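So the structure is just underneath, and the comments pick up after that.
The values are calculated or read from the model by the stated rules, or taken from the named source; none is laboratory data. Every value quoted in this text rests on a predicted model; they were computed, and no experiment measured them. Every residue, glycine as well, gets a Cβ built from its backbone with ideal geometry; the counts of neighbours run over all protein chains shown.
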Amino acid sequence: MRHRVEKRLPYTPDQLFALVGDVERYPEFVPWITALRTWNAHKLADGVGTIDAEATVAFAAVRERFSTRVRGDANARRIDVRLISGPFKTLSNTWIFHEDPAGTRVEFDIDFAFRSALLTKLLGANIHHAADRLIACFEARAKTLYS
């Protein structure tokens, strides 16, 4: 299942890159992330690094845990997230931050499939709403930090 969101926000690409790249803070402003731990941080090159993160998420009666590898490239203003383990068959998402006269044009792409047909049916039908809510969480956090 794929979904793409594009939005213009009145913040710099560097500010939004830093916000999205700070995965350890997600439980502070993404309400369905109930716990998060990180490990295995590596600097790959100047401005490029990876970190592994395990998130516990809760949606209604569904509670799941999954792990991802997050790769941030400050030079390209791009963050790529790939599945390590969890209830997904596949999971990847990409954030790209482009300079824009209004501040930043944010591109968010997500592609996933659950192992469970039931989870796909329950959560997949709401992917548009969930992606929009996720972007709204980051937008509210940016407003708090940068306005």
For this session: Within region 58-99, track down each residue that is over 14 Å from residue 114 (Cα atoms), crowded, with 16+ Cβ neighbours inside 10 Å and of a type in the set (D, E, K, R).
Result: 71, 73, 77, 78, 80
Exercise. Looking only at region 98-129, which residues are free of Cβ contacts under 8 Å to residues at least 24 places away in the same chain and under 27 Å from residue 18 (Cβ atoms)?
Worked result: 101, 129
Problem set entry | Per-region count, region 76-105, residues modelled with pLDDT of 95 or more and within 21 Å of residue 24 (Cα to Cα) | 15
Problem set entry | Test set (1) of a type outside the set (Gly, Ala, Ser); (2) surrounded by 15 or more Cβ atoms within 10 Å (Cβ to Cβ); (3) at pLDDT below 90; (4) assigned to a helix (DSSP H, G or I) - residue 112 fails condition number | (4)
Problem set entry | The listed residue being without any contact (Cβ under 8 Å) to a residue 24 or more places away in the chain and aromatic (Phe, Trp, Tyr), out of 32, 39, 95 | 39
Problem set entry | Whichever residue in region 36-62 is among the small types (Gly, Ala, Ser) and over 15 Å from the mean Cα position of the chain (by Cα) and, among such residues, is nearest to residue 84 (Cα to Cα) | 41
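Results for (1) under 24 Å from residue 37 (Cβ atoms); (2) charged (D, E, K, R); (3) in contact with a Ser or Thr (Cβ under 6 Å, 6 or more places away or on another chain), shown as yes or no for each residue.
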{"site": "77", "(1), (2), (3)": "no, yes, no"}
{"site": "85", "(1), (2), (3)": "yes, no, yes"}
{"site": "98", "(1), (2), (3)": "no, no, no"}
{"site": "111", "(1), (2), (3)": "no, yes, yes"}
{"site": "114", "(1), (2), (3)": "yes, no, yes"}
{"site": "121", "(1), (2), (3)": "no, yes, no"}
{"site": "134", "(1), (2), (3)": "yes, no, no"}
{"site": "143", "(1), (2), (3)": "no, yes, no"}
